[in-house]
Amino acid sequence: MRWIYRLQQRVAITRSERNVILGLALLFSLGLAARYLQSRPRPLPEAVYAEAARAFEAASAAPAVGLAQEEEALPAAPAARRASKPSLPAAPFNLNTATSAQLQRLPRIGPKLAQRIIAYREAHGAFERVDDLVRVRGIGKKTLAGIAPFLFVEEAPDDP
């Protein structure tokens, strides 16, 4: 306490001013302590842990069929309905006679790209090879590599 008295003499403050400064310092220290205690995570009661463990065991023991039933009950999102494509073709088909619906069954081929393939075929004649598809805008080497196993080119018979 002697150092406080000396500080009071040097700074030339009264006894009441000293008490106010000490009170403010005490409040500041209490605020820092409260802030520190609030920032520390508090442990949860044991009952919460026991309840969570029971819920986890019940969920893991439940059959997986329940999840499938929940998924069937939910309506499909519009984007998911739009993104679903028919299955891949079982056998390769002729590129020169393929319809738009057949072309859309190929991977990475949508309605617009199928229409471009048909428009190119009508404008430039029949394809001589499957590799000629890279001339259609939107089809590159990667797309061609993915769809080539499902296509072949057969020359159209000559008209008599």
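The values are calculated or read from the model by the stated rules, or taken from the named source; none is laboratory data. Please read all numbers here as calculations on a predicted model, not as lab measurements. In this analysis, Cβ positions are derived from the backbone assuming ideal geometry, glycine residues included, and neighbour counts consider all displayed protein chains. We work out accessible area using only protein heavy atoms, side chains counted, and drop any ligands, DNA or RNA first. Shrake-Rupley method; radii C 1.70, N 1.55, O 1.52, S 1.80 Å.
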* Given labels modelled 7 Å from the Cα in the Cβ direction, how far is it in nm from F152 to N96? -> 1.4 nm
* Asked: To the nearest Å, what is the center-to-center distance of the stretch 1-54 and the stretch 119-151, using C-alpha atoms only?
  -> 77 Å
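What order do you get for 32-45, 105-118, 135-148, 5-18 when each peptide is scored by the mean count of other beta carbon atoms within 10 Å, highest first?
Working: 32-45: 8.4, 105-118: 16.1, 135-148: 14.1, 5-18: 10.6.
Listed from highest to lowest mean packing, they are 105-118, 135-148, 5-18, 32-45.
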* Asked: Once both labels are modelled 7 Å past Cα along the beta-carbon direction, what's the V48-N19 spacing in nm?
  -> 4.4 nm
* Structure fact -> Expected field for F127, accessible surface area in Å² at 1.4 Å probe radius, rounded to 10, holds 10 Å²
